[in-house]
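Data first, discussion second: the structure below is written as structure tokens.
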Number of protein chains: 2
Amino acid sequence: MSDSPPSLNPVQLGAYFDLIEVTSLLRHAVEQQLRETGDLSYVQFQLLARLGDSPTGSHRMTDLADGVVYSRSGLTYQVSLLEKEGLVVRAPSPDDERGVTVTLTGAGRALLAKVLPGHVEVVRSLLFAPLASEDVETLAGLLAPVRDHMRSAPPRSAAPRRRKGGA
Amino acid sequence: MSDSPPSLNPVQLGAYFDLIEVTSLLRHAVEQQLRETGDLSYVQFQLLARLGDSPTGSHRMTDLADGVVYSRSGLTYQVSLLEKEGLVVRAPSPDDERGVTVTLTGAGRALLAKVLPGHVEVVRSLLFAPLASEDVETLAGLLAPVRDHMRSAPPRSAAPRRRKGGA
DNA sequence: TATTGTTATACTCTATAACTATA
DNA sequence: TATAGTTATAGAGTATAACAATA
């Protein structure tokens, strides 16, 4: 009962709220830009961007699912949409017949290129504008360990069951 | 098209990606906890929490809409759900007959109390665990100006200098 | 038997537009 | 006319579970 403090301290609370609000607003703005410029949802953009980052322009479904956080069926749905638009192609993986390799098409790459500058501009003007470059470094330095920590403690086990003393 | 640099610098890019990933994972974990513990969506929790913060336990619809980013109809929808569950009550605002005042019920307050410790625990274990307390202060200090900046530059005008004829 | 991916389905959420009523 | 809120509706997105094919 008393092993779980009822609240975060004020600084933590502020940081948490601001984090939520900042990313919520940023996300909103970015989604609007992506929708207007390329008729893409954020998830779709993330998928294209991830493929674009790859030297081969392709990834297996599983890899994509790992990167973007949701279910396999959701991924299939989104990739189907992208394929319908001609932005990606699906083909059986050469090494593993069960697998499916998704590859960015020329059109996909073009759309990515079309959308990217505006995307960057939104992020810069909203997120980075009020920060000095050393602030950005500091921020990056703070977020990296958090990200690593979260990755190693996956959301599946979301609510650590009162790990003290055990219930 | 040449006035907009094609990319952010690597540090900015890292900070941006980590920010997105961190909040995405955090959100996921928190939503799961809220769903399991109180059958609440994150938005619903935010609404209850906002009401709980108020000394009177109530807010006008407009105030709630300002805090949570959605459309008015979306807010009406969510508040209707909460009312159906007996967590809030709606009544005409005393001062302005057009307005509606939403008030937290005892059940709403109880649910909030039931859900809060686990919520806090998730945030602490996922977000704050890897950070020293001075790191948290630094983080808060960085996010506050960004939040202020974003608030003053609302998402409606998301993409600065955007073309006409979109949408 | 475990893994990869798809399908079918059901449900939640969100936005737009039309509408009512008060200011 | 402008503002506060609701309703109707329509569409997108997501998760779950059952399924087929390969390892």
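The values are calculated or read from the model by the stated rules, or taken from the named source; none is laboratory data. Here the structure is a predicted model, which is why all the values come from computation and not from measurement. Positions of Cβ are backbone-derived with ideal geometry, glycine not excepted, and every protein chain shown enters the neighbour counts. Heavy atoms of the whole protein, side chains included, go into the accessibility calculation; ligands, DNA and RNA do not. Shrake-Rupley method; radii C 1.70, N 1.55, O 1.52, S 1.80 Å.
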Task: Output for region A:62-90, where each listed residue is modelled with pLDDT of 95 or more, near DNA strand C (Cβ under 8 Å from one of its atoms) and aliphatic (A, V, I, L, M) - done: A:Leu75, A:Val79
Task: Top-ranked residue of region A:61-86 - restricted to ones that are among the acidic types (Asp, Glu) and away from chain B (no Cβ under 14 Å), ranked as nearest to DNA strand D (Cβ to nearest atom) - done: A:Glu85
Open item on the list: Testing B:Thr105 on (1) hydroxyl-bearing (Ser, Thr, Tyr); (2) in contact with a Ser or Thr (Cβ under 6 Å, 6 or more places away or on another chain); (3) free of Cβ contacts under 8 Å to residues at least 40 places away in the same chain; (4) more than 16 Å from DNA strand C (Cβ to nearest atom), one condition comes back false. Which one is that?
Closed with: (2)
Open item on the list: Can you say whether B:Leu81 is in a helix (DSSP H, G or I), open to solvent by less than 20 Å² (accessible area, probe 1.4 Å) and aliphatic (A, V, I, L, M), as far as the supplied structure shows?
Closed with: no
- [ ] Consider B:Ser93 carefully, then state whether it is more than 27 Å from A:Arg147 (Cβ to Cβ), at pLDDT below 95 and either polar (S, T, N, Q) or open to solvent by 20 Å² or more (accessible area, probe 1.4 Å) (or both).
- [x] no
TODO: Kindly indicate whether any position in region B:95-107 is among the hydrophobic types (A, V, I, L, M, F, W, C) and closer than 16 Å to A:Leu13 by Cβ.
DONE: no
Open item on the list: I'd like to know if region A:58-67 contains one or more residues that are of a type in the set (Ser, Thr, Tyr) and in contact (Cβ under 8 Å) with a residue 60 or more places away in the chain.
Closed with: no
Open item on the list: Can you report the number of residues in region A:110-133 which are aliphatic (A, V, I, L, M), surrounded by 15 or more Cβ atoms within 10 Å (Cβ to Cβ) and within 14 Å of chain B (Cβ to nearest Cβ)?
Closed with: 9
Task: Residue match in region B:102-109 (condition: part of a helix (DSSP H, G or I), more than 9 Å from chain A (Cβ to nearest Cβ) and within 21 Å of the chain's Cα centre (by Cα)) - done: yes
TODO: Kindly indicate which of B:Ser58, B:Ser41 is more than 16 Å from the chain's Cα centre (by Cα), open to solvent by less than 70 Å² (accessible area, probe 1.4 Å) and more than 9 Å from chain A (Cβ to nearest Cβ).
DONE: B:Ser58
- [ ] Kindly provide the set of residues from region A:141-154 that are part of a helix (DSSP H, G or I) and either at positive phi or open to solvent by 20 Å² or more (accessible area, probe 1.4 Å) (or both), ordered by number.
- [x] A:Gly141, A:Ala144, A:Pro145, A:Arg147, A:Asp148, A:His149, A:Arg151, A:Ser152
